[in-house]
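Working notes, beginning with the structure itself.
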Amino acid sequence: MYFGIDLGTTNSLISVFENGQPRLISSKPMVPSVVALIDGALITGDAAKERLPTHPKDTVAAFKRAMGTDKTFKLGRQTHTAVDLSAMVLAHLKHLASSETGYDVSDVVISVPAYFNQLQRDAVRAAALAADLNPLRLINEPTAAAIAYGLQDIDEQGHILVFDLGGGTFDVSIIEVFEGVLEVKATSGDAFLGGEDFTKVLFEHLAQKHGIPTDDVVIKARLWDAAESLKQRLSTAHEAECDFVCDDRTESLSISRDTFSDIASNLVRRLRLPVERALYDAKLTSQQIDKVVLVGGATRMPLVRSQVSRMLGKLPEVGIDPDHVVALGAGIQAALTANDAALDDVVMTDVSAFSLGFSISRQFGNRYEHGFFEPVIERNTVIPASREHIFQTVELGQTEVHFELYQGEAPRVQDNIKLGAMKVKVPRNSKDYESIAVRLSYDTSGLLEVDTTVLSTQKTQSVTITDLTGGLSAREISARKKALQSLKVHPKDNEDNLALLARIERCYAMALAEDRNQLQNMLLTFQYALDRQNPSEIQSLQESLSEQLDQFETNYVR
């Protein structure tokens, strides 16, 4: 049996893959991601959620948002981190699955928001280990959802956009389905936008409108509960109301869909950028999206569905329960990771959610500014991937270069996540600057390899960064490093690419007049593509240029 977990901000679920299909554990699969202290004991799930409005000092929710930070939470006299609390939820899920299946649940695939950075992902792994689970892989939430939908429509072809708005995070993924292949084209998101934020603006609106004090923790917790209830009711009604008791007086709280749309307009606008970024990275327009699917309980809000329809020009689908689809997809990924025979005909590819690159110095006039980010593997590159970049020393006579590897999208490395570092010795050269070829290789497990070659001496050096792998064994790391070797060839040195360049040059020698200009443009276009090292772009050009050369040779060879 293979198990997948959706560790959510609001609710968490666990699925099992058996008999060729995933299914959810428990007749009531959604476990509230809430932890409470009762009589000195910590509990989680429904019982903890029930105490949230009445015992706010002894109950904690939405702690997933603090993963990867130093923030702590007080439960009575006890202090816990987000990792501690998440571990309790994971342990609860493990117990449910073990009790129902009779298996000792250990190996799992856990879903995470696509825009979780490495610190946040490391926190999820730490929580899993603390719950006595072995996280085989962390999978992006929209990718998990795409797998569930893609497996359902595996015989179809086209592009699926997965719009995943959960309790605390927002993710978008675009997946292409063709001939049993599920290929993630792009992923984007906002790690601090979710249903909780919509509840918050409604909570603040109600407090201001009715003059309800929010400095009292009990009143604050009860008002939050009322706001959440009204928000959910607006999913099926145009107006919602409820009674709220405050200081021995009863207030009638009400909200309409139109008012809710007005007060949440800034949040709705924030949904647009990740969608546009994903389309841009996938090199697609909204018209080229064949299907839009909704994931996450917050997508039940009519204002969200309306925004999705306006942005993408089509009505979204909800064929699978939006609360369940990520956990089901994680279960499928667990089976794929274990090479389950039922999925022999399914191939799944994923992308790097963030860019990977190095800290560099840039020259401004007569001085250098340090700490700029130079991406080598861009975000939404299909992984595994290997890219090479040439760096130079910044000073004559320099004898050492310090390479620092970062993950992120900010122009300054101080705003990105540092992953590792290495020092490379170069010969003292007082007449010229030394050049170093740096190859960065990244695989689906999170394994990173940095290979450097000092061009003047051909001296090489390598470092392997395993912090992102979640604890692969030495044997597994060795196997993955061996698999990466096949990628460590610059496209300029690939035999097929060399043959195509030689063919273009041969045709150029045969041609005359304007045909030579066309062939020269073909040569430059292909060389530029090789420099960019994008395998899909190179393959597409290979096919296109080969067809053009076929036509040229047909016309010239009589």
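The values are calculated or read from the model by the stated rules, or taken from the named source; none is laboratory data. Keep in mind that what you see is a predicted model, and the values were worked out from it rather than measured. Virtual Cβ from ideal backbone geometry, glycine too; neighbours counted across all protein chains shown.
Inside region 212-224, can you point out the residues that are under 25 Å from SER265 (Cα atoms) and either among the hydroxyl-bearing types (Ser, Thr, Tyr) or assigned to a helix (DSSP H, G or I) (or both)? Selection gives THR214, LYS220, ALA221, ARG222, LEU223, TRP224. For region 249-299, a residue qualifies if it is of a type in the set (Phe, Trp, Tyr) and farther than 16 Å from ASP197 by Cα, and exactly one does: TYR280. If you filter region 60-89 down to residues that are assigned to a loop (DSSP other than H, G, I, E, B) and out of contact with any helix residue (DSSP H, G or I) (no Cβ under 8 Å at 6 or more places or on another chain), you find that the one that is nearest to ALA127 (Cα to Cα) is ASP70. Would region 325-337 turn up any residue that is at pLDDT 90 or above and under 27 Å from LEU230 (Cβ atoms)? Yes, region 325-337 contains at least one residue that is at pLDDT 90 or above and under 27 Å from LEU230 (Cβ atoms).
Screening GLU404, GLU400, GLU395 for residues that are within 15 Å of SER355 (Cβ to Cβ) and free of Cβ contacts under 8 Å to residues at least 60 places away in the same chain leaves exactly one candidate, GLU404.
Exactly one residue out of LEU523, LEU519, LEU549 is assigned to a helix (DSSP H, G or I), closer than 30 Å to PRO375 by Cβ, over 27 Å from the mean Cα position of the chain (by Cα) and assigned by TED's automatic domain parsing to the domain that holds LEU501, and it is LEU523. Against the test of being within 29 Å of VAL184 (Cβ to Cβ) and β-branched (Val, Ile, Thr), the options VAL376, VAL394, VAL424 yield a single qualifying residue, VAL376.
With a requirement of 1 or more residues that are free of Cβ contacts under 8 Å to residues at least 12 places away in the same chain, surrounded by fewer than 23 Cβ atoms within 10 Å (Cβ to Cβ) and under 13 Å from the mean Cα position of the chain (by Cα), none of the helices (runs of 4 or more DSSP H) lying completely within region 117-211 satisfies it. Here are VAL34, VAL16: which of them is β-branched (Val, Ile, Thr), over 16 Å from ALA330 (Cα atoms), crowded, with 20+ Cβ neighbours inside 10 Å and in contact with a Gly (Cβ under 9 Å, 6 or more places away or on another chain)? Within the list VAL34, VAL16, the selection yields VAL34.
Looking only at residues of region 44-66 that are aliphatic (A, V, I, L, M) and within 16 Å of ASN11 (Cβ to Cβ), we find that the one that is surrounded by the most Cβ atoms within 10 Å (Cβ to Cβ) is ALA48.
Selection of region 353-365 for residues being small (Gly, Ala, Ser), buried (at least 22 other Cβ atoms within 10 Å of the Cβ) and in a loop (DSSP other than H, G, I, E, B) yields only ALA353.
The strands (runs of 3 or more DSSP E) falling completely within region 1-59 that include 2 or more residues that are in contact (Cβ under 8 Å) with a residue 40 or more places away in the chain and in contact with a Ser or Thr (Cβ under 9 Å, 6 or more places away or on another chain) map to 2-6, 11-18, 21-24, 34-38. Filtering region 366-402 to residues that are outside any strand (DSSP E or B), crowded, with 16+ Cβ neighbours inside 10 Å and in contact with a Phe, Trp or Tyr (Cβ under 6 Å, 6 or more places away or on another chain) leaves ARG379, THR393. Given the structure, is VAL108 outside the structural domain of ASN534 (by TED's automatic domain parsing), within 14 Å of the chain's Cα centre (by Cα) and among the aliphatic types (A, V, I, L, M)? No: the conditions fail for VAL108.
Do you know which of the residues in region 482-531 that are under 13 Å from LEU545 (Cα atoms) and among the small types (Gly, Ala, Ser) is surrounded by the most Cβ atoms within 10 Å (Cβ to Cβ)? Checking each candidate, the answer is ALA529. Of all residue pairs spaced 6 or more apart or on separate chains, those with beta-carbon atoms under 8 Å, a first member in region 303-322 that is over 18 Å from HIS238 (Cβ atoms) and a second member that is of a type in the set (Phe, Trp, Tyr) and in a helix (DSSP H, G or I) are GLY319/TYR149; ILE320/TYR149. Scanning region 502-540 for residues that are at positive phi and without any contact (Cβ under 8 Å) to a residue 12 or more places away in the chain returns a single hit, ALA513. Of the candidates THR59, THR9, the single residue that is in the same structural domain as THR169 (by TED's automatic domain parsing) and out of contact with any Leu (no Cβ under 8 Å at 6 or more places or on another chain) is THR9.
Close Cβ contacts (under 8 Å, 6 or more residues apart or on different chains) running from residues in region 370-387 that are in contact (Cβ under 8 Å) with a residue 40 or more places away in the chain and closer than 27 Å to VAL181 by Cα to residues that are of a type in the set (Val, Ile, Thr) and in a loop (DSSP other than H, G, I, E, B) comprise ILE383/THR444; PRO384/THR444; ARG387/THR381.
Residues considered: PHE354, PHE373. Of these, the only one that is in contact with a Gly (Cβ under 8 Å, 6 or more places away or on another chain), within 27 Å of ASP281 (Cα to Cα) and at pLDDT below 90 is PHE354. One residue stands out in region 244-273 among those that are over 30 Å from the mean Cα position of the chain (by Cα) and of a type in the set (Lys, Arg): the one that is surrounded by the fewest Cβ atoms within 10 Å (Cβ to Cβ), namely ARG249.
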